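The values are calculated or read from the model by the stated rules, or taken from the named source; none is laboratory data. These numbers come from a predicted model, not from an experiment. Quick reminder, even Gly has a Cβ in these numbers, built from the backbone with ideal geometry, and neighbours come from all protein chains shown. Note: areas computed on protein heavy atoms with side chains; ligands, DNA, RNA excluded. Shrake-Rupley method; radii C 1.70, N 1.55, O 1.52, S 1.80 Å.
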Amino acid sequence: MTSVAPFPSISPSRPFVKGLFIIFCLMITTITTSAQSSLINQLKSRLVNLEDSNQYNDALNEISALYHVTHLDSCLRYAEHARDLSRRIQYPKGLADASINLGACFTFQNNSSVAHRLYLEALSLYNSLGDSAGVCTALYCIGGYYHYEGNKPLAHQYMESAMGVGSRLLKDSVWSTMLANYYIVFSGDSTKADSARWALHKARDIAVRYHDDRMITYTGLFIAHEKVRENKLDEAMEDLQKLTAHAAAGKMHYLDLYGNAQMVIYASFAKRPDSILYQQRMLDAALAGGYKKLMIKPVIALYEYYKKTDPASALRYADILEEIASHQENLRSQQEQDYMESFLRDQELSYLRLDRQMREQTETYDRMEGRNRAVILAFMALCLLLSGVLFYTAYRSQRDSKISKKRISTVHRMVIEKNQLLHHHDDFKNKLLTILAHDFRLPLSHIINVAELFRQKDLRPEQFREIANTIASMASDTLQLFETVLSWIRSQLTGFEYNPEPHSLEELWQEVVELYSADIRDKGLALEVSIPHGFRVKGDREMMQFVHRNLLHNAIKFSLKASAVSIRATAQNERAVIAVTNGGSGISELDIYHIFEYKVPGKYARESARGAGLALIICKDFIEKMEGSISVRSDGASYTTFEYTLMLGENGINTIPIN
């Protein structure tokens, strides 16, 4: 028999593993990894030719043990077959071995109470047979169970008893496994730390001597853990990489899973970025070997990670969680049924034994009616006790069923949230198509209509230049619109990361004013920039400049010739308030309520169809992402003011305006 520990955990105060382990045990022969599959195939082929039922049963148990670290479902199937056969042929040794294998399988399936009962049954059978090796195995399995349950006194008691029996055995394979389990239970006990390390290295020496590949790999995982305790993290991680690669190549899926679990914890403690990779390897090994029932927490961690980074990939882990939850509920019902069958069978045997005693007493002591009444009363009390036990079992089953339903509901809610996210993406795509159709059709149509004028043969040079300038202006505006749309798409689809920094508002606006200086001169506009010297705002530079360019572009575009455009900045309630005002026809009351929407119903929609409407939508989006706000006011006839707010940066405000 050998045993494998569960996922380790690390104390935040120092880099070593705490002693919480799940023990599982299996019969194992001393073989290399390359010979394991061959031995399983040989045993399977021998089954057909075996006529002796006991030998057939022993072969089933041996196959089950060999499958334990490679494929849990196959291990369970052969163990159940061996148990049923041993009961039919009344073979106690086979039933004891099958109970050990089944106990290990139920431990993996998070049902340690059933496993504990099976280990106790196996111990009773081994004691009756006088099988010292089997007694040793059952003792350290029970010790491992109490260790997992946190009952250290009983765990130490059973493990010491197993150590006493195992030390007298001549079979090194059982002795080496006993030593490995001794290390598992006592490695966290400071008073026996030296003994635990001695046991670990002794078990490895025996494994190396007999070329026991699985035990070499198994003890290697704990030796790496000891290196972590000695602050040799890099060396331990390198050893674990080699051990997991070797386990994966040999299809020892549980050892591969366990080694990657160690690396997840060590990498997380050392704040290394590759813990997700190791968790993915854990899941791959668990799926390959049928151990996914142990992967609830790692799968949740992977789901949460991919939900943030790659929502489409997160669906796979949601499906796995739902499958695990469904399997746990079905498994619990099946295990309860098995338990009840075993319990009722034991009760039936007890009843038959009691009935035989009653007949013997009736034949021998016909006149001892008083004692018969006592027996009847005891039987009735036993029935009442059995009824109470059945009622409690039903109550507990109902409670566990409610918990399982709640977990399934949580997984279902996660799936609904993912569907809502996909619906949001689809809605954004439809809006984008609407924007492109609305804002690109008209400028392209204007360019085509103006280009048609070139076909006229009687154009004068002045008209030709005017048409060429018009086409160039339209193309430039269309290009700017295209860049605006691309900026907005990137902010919506590629994931927005906002890193605010303080910037000089004066320098930002000077850069934008220089960009449009030619347009300002062409229209003869009087530009007034009133920004206090040293006035600083906090935000993303590119996003702010995008907003500034579009607001100034619109102010120039919709201003009357020789009119005034002003840019003013003030500080109010620890926030910067910037207003851009232009003289012109203004915005009607009908349009102003829809100015930041996809469709503007009135005159402004027709005048701004070359992109100003879309640009204002994106400006509003950028300002809100920088924790600000934007608004517009107009009298509908002579002026329009766009006003937005931003967070103030570190500044020393000089009240002298710059014109």
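Protection proxy ranking, highest mean first, for peptides 141-153, 229-241, 375-387: 141-153, 229-241, 375-387, where packing is the per-residue count of other beta-carbon atoms within 10 Å, averaged. Among the chymotrypsin sites (Phe, Trp or Tyr not before Pro) within the stretch 495-571, those in coil by DSSP and having at most 13 neighbouring Cβ atoms inside 10 Å are Phe496, Tyr498.
What Kirkwood hydrodynamic radius, in Å, does the stretch 235-335 give when the mean of 1/r is taken over all pairs of distinct Cα atoms and then inverted?
Values: mean 1/r = 0.0702 Å⁻¹.
Evaluated on the stretch 235-335, it is 14.2 Å.
The alpha carbons of the stretch 67-115 give a radius of gyration and a Dmax of 10.6, 31 Å, in that order.
Surface calculation, 1.4 Å probe, protein heavy atoms: Glu322 sits at approximately 90 Å² accessible.
Here the extension length gained between Leu560 and Leu486 equals 23.6 nm, from 0.36 nm per residue of separation less the Cα-Cα distance.
Once both labels are positioned 7 Å from their Cα atoms along Cα-to-Cβ, the gap between Met647 and Lys271 label points is 2.3 nm.
Peptide packing for 642-648, 103-109 was compared via the average number of neighbouring C-beta atoms within 10 Å per residue; ordered from the highest value, the list is 103-109, 642-648. Ligands, DNA and RNA excluded, the heavy atoms of Ser397 present near 40 Å² of accessible surface to a 1.4 Å solvent probe.
When the chain is fully extended, how far beyond the present Cα-Cα distance does Phe464 get from Leu154, taking 0.36 nm per residue of separation? Don't skip to the end; give the middle numbers.
On the way: separation 310, 0.36 × 310 = 111.60 nm, distance 10.13 nm.
Gain on extension, Phe464 to Leu154, equals 101.5 nm.
Computed over the Cα atoms of the stretch 187-297, what is the ratio Rg over Rh, Rh following Kirkwood?
Details: Rg = 14.3 Å, Rh = 14.6 Å.
Ratio value, two decimals: 0.98.
Rounded to the nearest whole Hz, the Karplus-based 3J(HN,Hα) values (6.51 cos²θ - 1.76 cosθ + 1.60, θ = phi - 60°) of the stretch 548-564 follow the sequence 4, 4, 6, 5, 5, 4, 5, 4, 5, 4, 9, 7, 6, 4, 6, 8, 10, with x at glycine and proline.
Less than 5 angstrom separates the built amide H of Gly649 from those of Arg536, Val537, Lys538, all sequence-distant by 5 or more or on a different chain. Where the alpha-carbon atoms of the stretch 503-567 are placed on the principal axes, they occupy 34, 22, 15 Å, in descending order.
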